[in-house]
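Working notes, beginning with the structure itself.
The values are calculated or read from the model by the stated rules, or taken from the named source; none is laboratory data. None of these values were measured; they are calculated from a predicted model. Neighbour counts are summed over all protein chains in view; Cβ atoms, including those assigned to glycine, are modelled from backbone coordinates with ideal geometry. Heavy atoms of the whole protein, side chains included, go into the accessibility calculation; ligands, DNA and RNA do not. Shrake-Rupley method; radii C 1.70, N 1.55, O 1.52, S 1.80 Å.
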Amino acid sequence: MPLLELTNLHKFFGRFAAVAGVSLHVDAGEIVGLIGPNGSGKSTLLSTIAGAYQPDDGAIDFNGESIAHLAPDKIFARGLARSYQEPSLFFRMSALDNALLPARAQRGEHARWAPLRSRWWSQERANTALAASTLADLKLLERAHAPASDLSGGQMKLLEMGRTLMGNPKLLLLDEPTAGVAPALAYTIFEEIERMRSMHGLTFLIVEHRLEILFDFVDRLYVMHMGQVIAEGKPAAIEQDALVREVYFGE
Ligand SMILES: Nc1ncnc2c1ncn2[C@@H]1O[C@H](COP(=O)(O)OP(=O)(O)O)[C@@H](O)[C@H]1O
Ligand SMILES: [Mg+2]
């Protein structure tokens, strides 16, 4: 059973089908790429999976259950997290506090438990330890108390990705994780993705424009064009695919 399975998924903006009948699957433990020209529907597809948009038709199954009509927070709670093209950090908060934000079901935030320190203190301490070890893995520990705005573009991307671990996800949807990142750090980001897979058993669906990096790390790829999947396969096969070369590489 795939971890994520899309069947004939549609998302319209008015009468325009930005996602026009997409079927694909991602198996547990895979790193799957999603590529295609600008405007082909990649970001809309990720937003629809994550619940930011309601699908107009088709099915989204995650871990064997339909998530097509769940609210984004319910989808996140089931273990499906996403990151955005633009880092969505709280820039005036410290890197550590940003890392702590997504920790799920924080008891200290419930009015009922907040006055009872003993009820949330151990959880808070465990979360802080996990956030600190995440920052250490990302080589950001020495920046833990610096405001997030002081981080480089690449460090912001690493922090945004790493902190999703606090929600204990199974699947991460990443939208251009290396956008605006210097080439050397772009490779580091993909090494971190691979490390997160092996350390935490995570699964990834990744939109990425830097094909030379993406192709080094993915197991398989899907290619979108005008809201549809036009090809699927391993990097070597995708590179040779005549239709892909025509619509994507402009040959
Ligand atoms: N909120 C929106 N309202 C209307 N049209 C949109 C919206 N978001 C995206 N689109 C359109 O849907 C198409 C797919 O966009 P997008 O999913 O962002 O593509 P990609 O991420 O592949 O570049 C584009 O034609 C875009 O203009
Ligand atoms: Mg996009």
Quiz item: Name the pairs: first residue in the stretch 222-243 and more than 23 Å from Leu46 (Cα to Cα) and without any contact (Cβ under 8 Å) to a residue 60 or more places away in the chain, second residue more than 16 Å from ligand 2 (Cβ to nearest atom) and of a type in the set (A, V, I, L, M), Cβ to Cβ under 7 Å, at least 6 apart or on different chains?
Solution: Asp241/Ala231; Leu243/Ile230; Leu243/Ala231
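Quick check: is even one residue across the stretch 209-224 part of a strand (DSSP E or B) and surrounded by fewer than 19 Cβ atoms within 10 Å (Cβ to Cβ)?
Going through the stretch 209-224, the residues part of a strand (DSSP E or B) turn out to be 220-224.
Next cut, surrounded by fewer than 19 Cβ atoms within 10 Å (Cβ to Cβ) only: 220.
Yes, the stretch 209-224 has at least one match.
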Quiz item: Residues of the stretch 151-201 being surrounded by 17 or more Cβ atoms within 10 Å (Cβ to Cβ) and within 16 Å of ligand 1 (Cβ to nearest atom), which ones?
Solution: Leu173, Leu174, Asp175, Glu176, Pro177, Thr178, Ala179
Quiz item: Picking from Ala81, Ala17, which residue would you name as being in contact (Cβ under 8 Å) with a residue 24 or more places away in the chain, within 29 Å of Thr128 (Cα to Cα) and either within 16 Å of ligand 2 (Cβ to nearest atom) or open to solvent by less than 50 Å² (accessible area, probe 1.4 Å) (or both)?
Solution: Ala81
Quiz item: Here are some conditions: (1) farther than 17 Å from Leu151 by Cα; (2) open to solvent by 70 Å² or more (accessible area, probe 1.4 Å); (3) modelled with pLDDT of 80 or more. Arg112 meets all but one. Which one does it not meet?
Solution: (3)
Quiz item: For residues in the stretch 36-60 being closer than 23 Å to Phe215 by Cβ and not aliphatic (A, V, I, L, M), which is surrounded by the fewest Cβ atoms within 10 Å (Cβ to Cβ)?
Solution: Asn38
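Identify all residues within the stretch 177-192 that are over 12 Å from Ile213 (Cα atoms) and either modelled with pLDDT of 85 or more or assigned to a helix (DSSP H, G or I) (or both); write none if there are none. Reasoning before the result, please.
Here is the first cut: in the stretch 177-192, the ones over 12 Å from Ile213 (Cα atoms) are 179-182, 192.
Across the stretch 177-192, the qualifying residues are Ala179, Val181, Ala182, Glu192.
What residue, of Thr203, Thr178, is touching a residue at least 12 places away in the same chain (Cβ under 8 Å), hydroxyl-bearing (Ser, Thr, Tyr) and within 25 Å of Phe91 (Cβ to Cβ)?
Values: Thr203 fails: within 25 Å of Phe91 (Cβ to Cβ).
Just a single option satisfies the conditions, and that option is Thr178.
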Quiz item: Checking Ala146 against (1) out of contact with any strand residue (DSSP E or B) (no Cβ under 8 Å at 6 or more places or on another chain); (2) open to solvent by 10 Å² or more (accessible area, probe 1.4 Å), which single condition isn't satisfied?
Solution: (1)
